[in-house]
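Structure first, then comments.
Read-outs: derived from the displayed coordinates by stated rules, not from any lab. This is a predicted model, so every value here is computed, not measured. For neighbour counting, all protein chains shown are included, and Cβ atoms are generated from backbone atoms with ideal geometry for every residue, glycine included.
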Amino acid sequence: MHWTQDEDAPVGALLVQVSRLLREAVRTRMTQIGLHRGQAFVLRHLAHHDGSPQHHLADGVHIRPATLTPMLQKLEGLGWINRKSDPQDQRISRVYLTEAGRSKQREVEAVFLGIEADLEALFSPQNREQFRQHLLAVRQGFRGSHPADPDAAVRKPPSCGTPECKEETI
């Protein structure tokens, strides 16, 4: 079945359309500050979890470790991160923001706050909270619905069990 008008589109199709539009908005705004979208998520994650082991960082930004490695090499070359071996286990590489990386991360955060403000402007406070609750329900419903999916573990954020760990926006 083909829907020619957005008003006729099913919920799933609308979610895909909105997701693409949001992804494009993030990509465009990150490009304006000299970053690839994925790099922005790495810097943002490190702002909350500095010193993360490289494999936890990959989980936290929902990408494979093999995809993360060249990204970290680029960020390290720009002087925004440092990688150091874990003192207790030399096999573990920990990733840290540099001062330059913290400065760039503040730019990233400003972009995300701007996008969040744009989203908030679309709804009344009451409708925004209802929409948020619906999105949470959709996310929860899909998190465990594909157990045979080999990428499921990559997409799920690591649980750390501390109050500092919180879901990241956008």
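For segment 1-101, which chymotrypsin sites (Phe, Trp or Tyr not before Pro) are in a loop by DSSP, counting at most 14 other Cβ atoms within 10 Å?
Working: sites: W3, F41, W80, Y96; in loops: W3, W80.
Here the sparse-neighbourhood loop sites are W3.
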Just the number, please: Stokes-Einstein D of segment 15-142 in µm²/s, Kirkwood Rh from C-alpha pairs, 37 °C, 0.692 mPa s. 204 µm²/s
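Grab the other residues whose beta carbon is less than 14 angstrom from that of L122, score K and R as +1, D and E as -1, and report the net. If you can, show how the numbers build up before the last one.
Values: positive: R128, R132; negative: E116, D118, E120, E129.
So the environment of L122 carries a net charge of -2.
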Extending each Cα 7 Å along its Cβ direction at T31 and K84, get the distance between those two points in nm, one decimal. 3.7 nm
May I ask you to compute the full-extension gain from A66 to L135, defined as 0.36 nm times their residue separation minus their alpha-carbon distance, rounded to one decimal in nm? 21.8 nm
If amide H atoms are modeled at 1.01 Å from N in the peptide plane, then the residues at a separation of 5 or more from I63, or on another chain, having amide H under 5 Å from its own are none
Two pseudo-spin positions, 7 Å from Cα along C-beta at R91 and at L22, lie apart in nanometres by 3.8 nm
